[in-house]
Amino acid sequence: LYVRAVDNVSLYINRGETLGLVGESGCGKSTLGRCILRLYEPTGGRVFYDETELTSLDDEGLRPLRRQMQLIFQDPYSALNPRLTVGETLLEPLVVHGLIRERDERETRVRELLDLVGLPPDAAIRYPYQFSGGQCQRIVVARALALLPKFIVCDEPLSALDVSIQAQIVNLLRRLQREMDLTYLFISHDLRMVRLMSD
């Protein structure tokens, strides 16, 4: 039995802009975002990043491009490993990609990432359960930025947060976009937030 989760979709995102992807729950928004990143294997169609066709690459060919494309998850608590401190969480992608080896370098990079998202340095030694939902989403954003990506799929990054916190995360994402020249695919069913975020 096959289900067509996403069919006949064509879109183009310019560098440095935010494209809003809107739809009701269950319509295939997250599936599309994960297909673009090749976290799900598309059964048809093509995905290009700059001049490179991602759908034609094997795992080895995708590896260097994975550093340039990241995902911000919908539920910050389920996106974070409860057994790892925040510092270990932020270091994980850097270690996997062999970018940081020295201890001093690791501590400096963790402090930089925490500062980037407005969290204090001592957050590095704490665990996810010790933070609020908004703070955990900041940690998820910091982890997405660890590899200095150019393109980020924001998969309903506000839906699990209180309304009062949503504006803070929107402002954070917009500031980071300006400072780091990021490109976003912003997935949501909240038209108000899409209007705030999207070009």
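The values are calculated or read from the model by the stated rules, or taken from the named source; none is laboratory data. On a predicted model such as this, the values are computed, not experimentally measured, just so you know. Because the Cβ atoms are built from the backbone with ideal geometry, glycine has one as well, and the counts that use them run over all protein chains shown. Only protein heavy atoms, including side chains, enter the accessible area calculation; ligands, DNA and RNA are left aside. Shrake-Rupley method; radii C 1.70, N 1.55, O 1.52, S 1.80 Å.
Can you work out D for the range 133-199 in µm² s⁻¹ from Stokes-Einstein, where Rh is the Kirkwood radius over C-alpha pairs, the temperature is 25 °C and the viscosity is 0.890 mPa s?
Diffusion coefficient, whole number: 203 µm²/s.
If you restrict to DSSP beta bridges whose two residues both lie in the chain, what percentage is antiparallel, to the nearest 5?
10 percent
So what's the gap between the Cα centers of the range 1-43 and the range 166-199, to the nearest angstrom?
Comparing the Cα centres of the range 1-43 and the range 166-199, I get a distance of 18 Å.
Counting only protein heavy atoms and using a 1.4 Å probe, what share of the accessible area of the chain belongs to carbon plus sulfur, as a whole percent?
C and S atoms contribute 47 percent here.
Give me the Debye-computed log₁₀ of I(q)/I(0) at q = 0.10, 0.11, 0.21 Å⁻¹ for the range 75-193, equal point scatterers on Cα only, no solvent, two decimals.
Log10 of I(q)/I(0), two decimals: -0.29, -0.35, -1.27.
Two decimals is fine: what's Rg over Rh for the chain, C-alpha atoms, Kirkwood radius as Rh?
Across the chain, the Cα-based Rg/Rh ratio is 0.96.
Can you pull the Kirkwood radius for the range 22-123, inverse mean 1/r over Cα pairs, to one decimal in Å?
Result for the range 22-123, one decimal place: 16.2 Å.
Quick check on packing: order 180-186, 54-60, 79-85 by the mean number of other C-beta atoms within 10 Å, highest mean leading.
By packing density, highest mean first, the sequence is 180-186, 79-85, 54-60.
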